[in-house]
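Visitor: Following this message is one structure expressed as structure tokens.
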Amino acid sequence: MALALLLASAPLWLPLLALVGFFQRGSFPALRCFLYLTWLMACESLGVLMAFLLWLRPRGSRELWLQRHYALQGFWIGALFFGAQRLLGIRLQILGGDALARGRVILLMRHTSVVDALLPHLVAGRTFGIRLRYVVKRELLINPCLDIVGNRLPNAFVRRGSPDAGPEIARVKALAAGLGPGDGVLLFPEGTRFTAERRTKILAGLKARGETERLDSASRLKSILPIRFGGVLGLMDADPEADVVFCAHTGTERLTRLGDLFSGVAQGALLQVGCWRVSAASIPRDAAGRRAWLEAEWERVDAWVR
């Protein structure tokens, strides 16, 4: 419905936004933004249609069912990024991407923007065919494609800030079951997008609770939030033989809100992604050792970003 309204009203908003573009910095950012929104809605509509057609087809084996939906997921993400490249001039540079050349990995990625949700597939899936299982916030189920296809694949849509984190951690741990050489689990260990205000609030909370050692480590992080250990340690306990890949990136900091697209700050943005892999054999086995190791690696992510 929204796509139909946009297309029907195009004769009105196209010339208006083109006129607005003459008074904006950059190359018609408002017009490009609306064109991208139209593209996004077209991708959404096509994704829902294709998911419906897959539902109509004979299901076949569990593996065939998964293959078809992973292919649809990859097509959808690829189409969204293709539109961002063509209409917004977004560029992507991957450094150390061969860290994801093989699976059975736990992928830990920094979180600053809604664009971050596209990066894991672009880094791991598109190039190396790694089938990622996502741990993402439950609020994303408002998106029809994510709701339909995401729930047909082994993903975990978790409730943030739940008073009882046990069930959520259990759902995350379940994703590690049966990880093979072509599989991985993606987790944003900060638990939410980075902002300076959130960083200040977290540091104040650690200080109030007297968590001195944790506060010292968190204070050294300037561009990312401290790790929330529950989900990460749960995954490592569930599959202690899985390698861990850390993924740092820059360039999405200016893409936190829809208004950023209209302002033109996103136009021509360069997204740089850096990855490195740590073998399971070199990771401490005890919980305290793992916490200290994770904090040290997370400081490395922060240093890469800065």
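The values are calculated or read from the model by the stated rules, or taken from the named source; none is laboratory data. What you see is a predicted model; the values in this text were computed from it and never measured. So basically every Cβ, Gly included, is an ideal-geometry build from the backbone, and we count neighbours across all protein chains shown.
Visitor: Could you grab me the full set of residues in segment 77-86 that are farther than 14 Å from V115 by Cβ and either modelled with pLDDT under 95 or not in a helix (DSSP H, G or I) (or both)?
Guide: R86
Visitor: Whether any residue in segment 165-183 is at pLDDT below 95, of a type in the set (A, V, I, L, M), surrounded by fewer than 12 Cβ atoms within 10 Å (Cβ to Cβ) and part of a loop (DSSP other than H, G, I, E, B) is what I want to check.
Guide: Taking every residue of segment 165-183 in turn, at least one turns out to be at pLDDT below 95, of a type in the set (A, V, I, L, M), surrounded by fewer than 12 Cβ atoms within 10 Å (Cβ to Cβ) and part of a loop (DSSP other than H, G, I, E, B).
Visitor: If I filter segment 77-100 down to residues being under 13 Å from W276 (Cα atoms) and out of contact with any Lys or Arg (no Cβ under 9 Å at 6 or more places or on another chain), which single residue comes out as surrounded by the fewest Cβ atoms within 10 Å (Cβ to Cβ)?
Guide: The qualifying residue surrounded by the fewest Cβ atoms within 10 Å (Cβ to Cβ) is L95.
Visitor: Filter segment 279-296 for residues that are closer than 21 Å to R104 by Cβ and of a type in the set (A, V, I, L, M, F, W, C) and give the result.
Guide: Passing the criteria: A280, A281, I283, W293, L294.
Each row is one residue, and each column tells you yes or no for (1) more than 27 Å from Q93 (Cα to Cα); (2) free of Cβ contacts under 8 Å to residues at least 24 places away in the same chain.
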{"residue": "G230", "(1), (2)": "yes, no"}
{"residue": "G251", "(1), (2)": "no, yes"}
{"residue": "L271", "(1), (2)": "no, no"}
{"residue": "S282", "(1), (2)": "yes, yes"}
{"residue": "E299", "(1), (2)": "no, no"}
{"residue": "R306", "(1), (2)": "no, no"}
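Visitor: Tell me yes or no: at least one residue of segment 64-73 is assigned to a helix (DSSP H, G or I), within 26 Å of I90 (Cβ to Cβ) and among the aromatic types (F, W, Y).
Guide: Within segment 64-73, one or more residues are assigned to a helix (DSSP H, G or I), within 26 Å of I90 (Cβ to Cβ) and among the aromatic types (F, W, Y).
Visitor: Among F262, F246, which is the only one that is among the aromatic types (F, W, Y), more than 23 Å from A170 (Cβ to Cβ), buried (at least 16 other Cβ atoms within 10 Å of the Cβ) and at pLDDT 95 or above?
Guide: Step by step, each of F262, F246 is checked, and only F246 is among the aromatic types (F, W, Y), more than 23 Å from A170 (Cβ to Cβ), buried (at least 16 other Cβ atoms within 10 Å of the Cβ) and at pLDDT 95 or above.
Visitor: When segment 102-153 is examined, which residues are found to be out of contact with any Ser or Thr (no Cβ under 6 Å at 6 or more places or on another chain) and small (G, A, S)?
Guide: Hits for segment 102-153 are G103, A117, A124, G125, G129, G150.
Visitor: Please go through segment 114-134 and give me each residue that is part of a helix (DSSP H, G or I) and either of a type in the set (S, T, N, Q) or over 8 Å from the mean Cα position of the chain (by Cα) (or both), ordered by number.
Guide: If the condition is that a residue be part of a helix (DSSP H, G or I) and either of a type in the set (S, T, N, Q) or over 8 Å from the mean Cα position of the chain (by Cα) (or both), then H121, L122, V123, A124, G125, R126, T127, F128 are the ones that fit.
Visitor: Checking the conditions here, which among F194, F246 is touching a residue at least 40 places away in the same chain (Cβ under 8 Å) and assigned to a loop (DSSP other than H, G, I, E, B)?
Guide: Just one listed residue meets the conditions, F194.
Visitor: I've got another one for you. Kindly indicate whether F157 is aromatic (F, W, Y) and in contact (Cβ under 8 Å) with a residue 60 or more places away in the chain.
Guide: Values: aromatic (F, W, Y): yes; in contact (Cβ under 8 Å) with a residue 60 or more places away in the chain: no.
Considered against the rule, which asks whether it is aromatic (F, W, Y) and in contact (Cβ under 8 Å) with a residue 60 or more places away in the chain, F157 comes out as no.
Visitor: In the list R220, R290, which residue meets the criterion of being more than 22 Å from the chain's Cα centre (by Cα), buried (at least 19 other Cβ atoms within 10 Å of the Cβ) and modelled with pLDDT of 95 or more?
Guide: Answer to the check: R290.
Visitor: Looking at L107, L153, L140, which is the one that is in contact with a helix residue (DSSP H, G or I) (Cβ under 7 Å, 6 or more places away or on another chain) and either acidic (D, E) or assigned to a strand (DSSP E or B) (or both)?
Guide: L107
Visitor: Any residue in segment 116-143 that's at pLDDT 90 or above: show its pairings with residues that are exposed (fewer than 15 other Cβ atoms within 10 Å of the Cβ) and of a type in the set (S, T, Y) at Cβ separation under 9 Å, as long as the two are six or more apart or on different chains.
Guide: Note: pairs meeting the criteria are K137/T192.
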